[in-house]
Every structure is written in structure tokens, then in C-alpha cells.
1. Label-point separation (nm) for Val67 and Asp99, each offset 7 Å from Cα along Cα-to-Cβ?
2. Can you tell me the relative contact order of segment 62-134? Whole percent, Cα pairs under 8 Å, sequence separation 6 or more.
3. What shape does segment 298-363 have by the C-alpha gyration tensor, where a ≥ b ≥ c are the square roots of the eigenvalues, rounded means a/c under 1.5, and otherwise prolate means a/b greater than b/c and oblate the rest?
4. In terms of the Cα gyration tensor, with a ≥ b ≥ c the square roots of its eigenvalues, is segment 62-134 rounded because a/c is under 1.5, prolate because a/b exceeds b/c, or oblate?
5. How large is the charge dipole for segment 244-382, taken about the Cα centre, if only the Cβ atoms of Lys, Arg (+1) and Asp, Glu (-1) carry charge, to the nearest 20 debye?
6. Find the relative contact order for segment 144-400 and round it to a whole percent, using C-alpha pairs within less than 8 Å whose residues are 6+ positions apart.
7. Please report Leu207, Leu98, Leu226 as a ranked list, fewest other C-beta atoms within 10 angstrom at the top and most at the bottom.
8. Hey, if you drop one equal point scatterer on each alpha-carbon of segment 350-405 and run the Debye formula without solvent, what base-10 log of I(q)/I(0) do you get at q = 0.21 Å⁻¹?
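Any read-out appearing in this document is the output of simple, stated calculations on the displayed coordinates, not a laboratory observation. On a predicted model such as this, the values are computed, not experimentally measured, just so you know. Positions of Cβ are generated from backbone atoms using ideal geometry, with glycine treated the same way; all protein chains shown enter the neighbour counts.
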Amino acid sequence: MPSKPFFRLLQIVALVIFAALPSLAAAQIIAPAPVPNTSERDDRPRPIWPERDVDVAYLSRDRAEFVVSGPISTAPIAIAALEDAGANLISSRDLVPLDRRMMVFDIGRQLDRGVAQRLLDRTASGHRVDFNNLYHFAQGAPRLYASNLIGDSGACRQRQNQKIGLIDGPVDVTHPALQRASVTTQSALFGDQRASGARHGTAVAALIVGEDPNDALLGYAPGAHLFAVNAFAREHSGVAADVDRIAASLSWMLSNDVHLINMSFAGPPNKVLEDILTQAEQAGAIMIAAAGNGGRDAATLPAVSPSVIAVTAVDAAMRRYRSANWGDHIAFAAPGVDIYVARPSGGGYATGTSYAAPIITALAARVGGNNVGVVRERLRTQAVDLGDPGHDPQYGWGLVRDIGC
């Protein structure tokens, strides 16, 4: 009586002959399960791919799934060879445009990947076997590149008597990133002026003093006391701060002994504002401003003022943000492209020189001192030169990093 291996060999030979028939080769597609013979027609839409009839155990971390891929016409040979060696076919689907059948197997304890591949090389050349690996979304950790780029360890807390000022829109102190931060708020608006939303101001505030146990929204000067003045109202041309409100904000800061001040906004030349900025510097203010996002050589205020430290934005590759303004007034660069910031729903990514400026402001807080010249020099000595050698209109003195605590 013929042995079982003999019948198995006949089965494989028959499959080879069947696969070689041109008229039948195109029909080597696994058919769906038979539909019960009922009088009621089922017109429900069918999925593009057959559903996998697989136990949830195969979806666990310790699953023993292997994926096999090869030409559709010889796939039955591969299936027969692997099943004869003890593997169990879980599912398969034909990728017709690629002429590939994808097959998922549980190879059990009888096979390993190497043995399975050698078996396929002998019986179904052109088939490959490997782990059925899992691939996750390619999303980086929030704000991770910015901290690494400036050499920040995330453990540089400031004393609460370190004061930092912020002239911006409203700040939502109830945001989870700011609930444990020390923030004093004030408004420069008159009673009939409508405040802007808190989206921008909250994001900038959290970049400076954010407190987040998960570190995603941890600021660069946590522990410092933030004095935030809302100078932005809804105007006919959109949300904006006028010269009057900016001047009032600076005056309030200095009257509260707040000398380090962030200004993440930009606008046209103005002689009155230029004078106010000069007076503020003479009164001891150290003002840091965003270069603006016009993508041109632009003398925008407050950044262009000699009394202000102007900041541009770079991305993770230390390239200037393509929409950032440039000019001889640019002093330093900081991360400002795809920065993870506080948002009403928690956090999200944002881009602009608005988000580079507060990083420099926070680093300036670590320097200490009440003299803008001292702060500029310390930041310059810690800057990594970018662009043309030395100071240049694109990056200023370069990317500030490794400032220490």
C-alpha cells in the first residue's frame, strides 16, 4: 500500500501541473466561504479584502505569526509545503497588481523562519517568509527635537523670584500645562475692546513656564513667575495689539519689576513705538521679539529695534523657517518649526517665529542679570554658528544651545 508521503508527493505534483495551465493560472484566488443557499438575497456591501478568521490570541504581543509572499500562481505549492511541515494558514489575500499572494501563517513549534525559507526555496521558488511585524505611526515624541536641538535636559528649574514678562493675547491659566505654574495676568484693553482668543498666548506662556508631569508641555523656564499682559483685541483687520496697548504693557511690566519680556508679534515701523522701546531698554528692560513670518528682508517692529533681541526660527535640521523674516537685526535662532505647544484641547504642533522667541526668552532667564548687553553676550557665546561664518542676516549669531541652568 502506498505510503502517506507518496500520496503527498502526488498532491504536490498535481498542484504544479494545475498551476502551469495558462487558462487556469489567473484563477488562483482564494474563494470566499460558500454563501448559504437561501431564498433571500443578501445585497450588503462586501469588504475589499476578506475578513480574517483569526483568534484574538494572534493579535497579542507574543503572537507567532509569519507572513509569506510570492507569485499568485505558485502560492498553492507554498501553502502545501508549509502545511505539510506543520504550519497553519491563518489568512491570505491576492495583490493582483503586484502578482503576489500575501499569506499569514502560524508556524507553530515545528518551524523557524530559516527552516521555512529553505523549504520554500526548494518547493516554491520566489516566495519569501518573515515575521509579521507591527509598524506604528511615524510620529515623533512631542517637542523632543527642540529640546535636543538646544541641549536642554528638561530639569532646569528656575527660582520663583525669577520674573518673566509676556505681552501677548489672553493666557488660559486653567490649561493643564499652566495650572501648576505661577502666572499673574493683566489686561491692557479698555472696557469696550474685545479680547482675542487665548490660543496664541497660552501656547507661548507654556513654552516658557509650562508644568507638565509627562514633559510634553514642560516649559524651558519652569518655576519662574510669569507676568502676562493681554494687549491683543479684535480689530477690523483681525486680532492685533496697537502701539498704545504695547506701551501700556511695557510700563506695567517695569512698574512690577519685570525686566525680561517676550514679544511674539511683529508689525510696521513706528516712531512712537521705537521711542517706547528705547525708553524701556534704558529703564532696564531686556526685550526679546519674534522676527515675523513674512518670508522677506523686513524691518518689523519690535524685532528691528536696536533695543530688542530679534529671534528667527529653525527646523529640526537647523534650517531657517522658510517664512521667517531676515535682516541684519536678527540676533539668534531657536527651534520654531513643528513645535509641540499647548492647545485648547491639550497640545498640538505649531510653526512660526512666535514659538522660537519664548525659547530664547526662557534661556535668557537662565543667564540672569539685568543688563541687556550681558545677556546678549552670554547668548552669543553659547550660539552654534549657522549659515555664513559669524553674524549673518539669516541666523544672526546662530542657534543658542547648552546654556546651562
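1. 2.1 nm
2. Relative contact order of segment 62-134: 44 percent.
3. Prolate, because a/c is 1.5 or more and a/b exceeds b/c.
4. It comes out oblate by the Cα gyration axes.
5. It comes to approximately 360 debye.
6. Reported relative contact order: 18 percent.
7. The fewest-first ordering by Cβ neighbours comes to Leu98, Leu226, Leu207.
8. -0.84
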